[in-house]
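Structure, as structure tokens:
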Amino acid sequence: MPLSFMRDVVTVVRPASKTVRGSTVPDWENATRHQVSRCQVVAASTQQDRDGRVVNVSDSRTFRACYDADVEPGDRIVHEGVTYEVDGEVFHSKSPTGRVSTTRCSLRRWEG
């Protein structure tokens, strides 16, 4: 059962794969897209590196959705026009009561 504050809708971008010089790599040109609704994306942290000027900025978010949300490590998530990468593993956690089972993962964006 989704919580009332899980009102965001995101687009999940999943790469196809291709072989380059014997290695399997993501093929973003042939990526598929699908939407996940009843989710939440909230700010987690931000960091700015400087050397007399802004060199780069990183932005971290926490993604939370219903237990059966179709999100995998390696996906990108577009939220409010900003593209984030799934950072690390995707966790599917079952609630002991079954009421608030969720999918969670960290999202990261870099600029610079």
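The values are calculated or read from the model by the stated rules, or taken from the named source; none is laboratory data. Everything numeric here is computed off the predicted structure, so don't read it as measured data. Every residue, glycine as well, gets a Cβ built from its backbone with ideal geometry; the counts of neighbours run over all protein chains shown.
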Subject >> Every residue from region 72-93 that is touching a Phe, Trp or Tyr at 6+ places or on another chain (Cβ under 7 Å) and over 19 Å from Ser17 (Cα atoms) >> reply: His92
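A quick yes/no check of all residues on (1) of a type in the set (Ser, Thr, Tyr); (2) surrounded by 12 or more Cβ atoms within 10 Å (Cβ to Cβ); (3) part of a strand (DSSP E or B):
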| site | (1), (2), (3) |
| --- | --- |
| Arg14 | no, yes, yes |
| Thr24 | yes, no, yes |
| Asp27 | no, yes, yes |
| Gln35 | no, no, yes |
| Cys39 | no, yes, yes |
| Gln48 | no, yes, yes |
**OP:** Answer with yes or no whether Val100 is among the aliphatic types (A, V, I, L, M), assigned to a loop (DSSP other than H, G, I, E, B) and out of contact with any strand residue (DSSP E or B) (no Cβ under 7 Å at 6 or more places or on another chain).
**Re:** yes
Subject >> Subset of region 30-64 that is in contact with a Pro (Cβ under 8 Å, 6 or more places away or on another chain) and modelled with pLDDT of 95 or more - its residue that is nearest to Thr19 (Cα to Cα) >> reply: Asn30
Subject >> Where Ala43 falls short, out of the listed (1) surrounded by 11 or more Cβ atoms within 10 Å (Cβ to Cβ); (2) aliphatic (A, V, I, L, M); (3) in a strand (DSSP E or B) >> reply: (1)
Original post:
What number goes with the only condition from (1) assigned to a strand (DSSP E or B); (2) in contact with a Cys (Cβ under 6 Å, 6 or more places away or on another chain) that Met6 does not pass?
Top reply: (1)
Original post:
Scanning region 66-78 for residues that are at pLDDT 95 or above and in a strand (DSSP E or B), which turns out surrounded by the fewest Cβ atoms within 10 Å (Cβ to Cβ)?
Top reply: Val78
